[in-house]
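Step one of this worksheet: look at the structure below.
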Amino acid sequence: MEKFALIEIERLSELLNLSTAELKMFFVILNYLNSKDKKVLVHNAEFRKFLASMKFSKTPERISTILSSMVKKKVLIREGQGVYSVSENIFLPDNDCKE
């Protein structure tokens, strides 16, 4: 994952439709994927420990509910059971970055 993310302005409305918990989760997921140099998020003990270190204290069931809601809102893509990736449609492609 890149060190920065440029959000496609037309897709910004998808992020603005997120609840506060979902929006916080979105930014925590971006931080997690970047810090671990991963493309997918696995909802496991390691991720929950990372969430706790970021002061995001929710039960595993509540985290699952938030992640599922984000999939329904097309911000995340479910890759498998408990495995998610961030929708690439939200970000500008690398070649569209303007100085």
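The values are calculated or read from the model by the stated rules, or taken from the named source; none is laboratory data. On a predicted model such as this, the values are computed, not experimentally measured, just so you know. So basically every Cβ, Gly included, is an ideal-geometry build from the backbone, and we count neighbours across all protein chains shown. Note: accessible area is taken over every heavy atom of the protein model, side chains too, but ligands, DNA and RNA are not part of it. Shrake-Rupley method; radii C 1.70, N 1.55, O 1.52, S 1.80 Å.
Show the residue pairs meeting these rules: Cβ distance below 9 Å; 6+ apart or different chains; first residue within region 15-29 and among the hydroxyl-bearing types (Ser, Thr, Tyr); second residue open to solvent by less than 10 Å² (accessible area, probe 1.4 Å).
Listed by first residue and then by second, the contacts come to Ser19/Ile66.
So how many residues does region 68-99 have that are at pLDDT 75 or above, assigned to a strand (DSSP E or B) and in contact with a strand residue (DSSP E or B) (Cβ under 7 Å, 6 or more places away or on another chain)?
Summing the residues that are at pLDDT 75 or above, assigned to a strand (DSSP E or B) and in contact with a strand residue (DSSP E or B) (Cβ under 7 Å, 6 or more places away or on another chain) in region 68-99 gives 8.
Would you mind finding the one in Thr59, Thr20, Thr65 that is modelled with pLDDT of 90 or more, open to solvent by 70 Å² or more (accessible area, probe 1.4 Å) and among the hydroxyl-bearing types (Ser, Thr, Tyr)?
Result of the check over Thr59, Thr20, Thr65: Thr65.
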